[in-house]
Amino acid sequence: MLFHPSYKVRTAAIIVLSTQPSFIRSSDILLCLTDNSPNVRMRGIYALNLCPNFWEELSQIVSILINDEHTDIRYNACQLAAKIGNKQFIKPLIDGLEKDVRHKRIGIVGKRHLALEKITGYEIRRKLEWQEGKDPYSNRSIDALLKIATKWKSFFN
């Protein structure tokens, strides 16, 4: 079913397989993570999240998904990267940070930041703390996030 021409069938197949992680093979997850359909890739991330025994083997593809064109995939790949904790995620997490800030993808920026802190052990605090009633998308907030992105780059470039 993972090779079916319909992305809906492939999506359903990996969802069903995810209910029984002991029956999933790493090749099944790899197939989903590299599928043309963002729906199938997203469910592949979900399946991998349930299979820590494949994390090391499939970390390279997670590194690519961290900067996927689809924001939901980026978000979940960053979240999974934090959970896996592999140092190879540092570069792709930093590489997409500024772009996500400039596109005001605040949720993804937060996941990248948390993943970087968890993986590196470094903590970069925002000088401008968010306050209730303040717009997280304001120029002031975006400038503060750009400064954080610059600090991450300076640590690892």
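We did not get these values from a lab; they are worked out from the coordinates using the rules stated. Only a predicted model underlies this, so the values are computations on that prediction, with no experimental measurement involved. Backbone-built Cβ (ideal geometry, glycine too); neighbour counts: all protein chains shown.
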Helix 38-49 against the longest principal axis of the chain: what's the angle in degrees, Cα atoms only, rounded to the nearest 10? 90
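If you rank 4, 113 by fewest surrounding Cβ atoms within 10 Å, what's the result? Don't skip to the end; give the middle numbers.
Values: 4 12, 113 23.
Placing the least packed residue first, the sequence is 4, 113.
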Among 19, 137, 58, the residue whose Cα sits farthest towards the positive end of the charge dipole of the chain (+1 at Cβ of Lys and Arg, -1 at Cβ of Asp and Glu, taken about the Cα centre) is 137
Using the structure shown, select from 91/151; 8/99; 111/153; 91/134 the pairs with a Cα to Cα distance greater than 20 angstrom. 8/99; 91/134
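How large is the charge dipole for region 51-156, taken about the Cα centre, if only the Cβ atoms of Lys, Arg (+1) and Asp, Glu (-1) carry charge, to the nearest 20 debye? Provide the component values of the computation, followed by the final result.
Working: 19 positive and 14 negative charges, 87 e Å.
Rounded to the nearest 20 debye, it is 420 debye.
In which sequence would 55, 152 go, from the one with the fewest C-beta neighbours within 10 Å to the one with the most? Don't skip to the end; give the middle numbers.
Details: 55 18, 152 21.
The most exposed by this proxy come first: 55, 152.
Quick check on the chain: take the gyration tensor over C-alpha atoms, sort the square-rooted eigenvalues as a ≥ b ≥ c, and tell me if it's rounded (a/c under 1.5), prolate or oblate.
Numbers: a/c = 2.59, a/b = 1.90, b/c = 1.36.
Prolate, because a/c is 1.5 or more and a/b exceeds b/c.
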Taking the Cβ of residue 118 as the centre, find all other residues whose Cβ is under 12 Å away and add up their charges (Lys, Arg: +1; Asp, Glu: -1). +2
Sort 63, 22 so the one with the fewest other Cβ atoms within 10 Å of its own Cβ comes first. 22, 63
With springs only between Cα atoms under 10 Å apart, run a GNM on the chain and tell me which of 56, 117, 98 wobbles the most. 56
List the aspartates and glutamates whose alpha-carbon lies under 12 Å from that of residue 147, not counting same-chain residues fewer than 8 positions away? 98
Neighbours of residue 11 by Cβ distance under 15 Å: Lys/Arg at +1, Asp/Glu at -1, summed charge +1
GNM of the chain, Cα pairs under 10 angstrom: of 59, 18, 27, the biggest fluctuation goes to 27
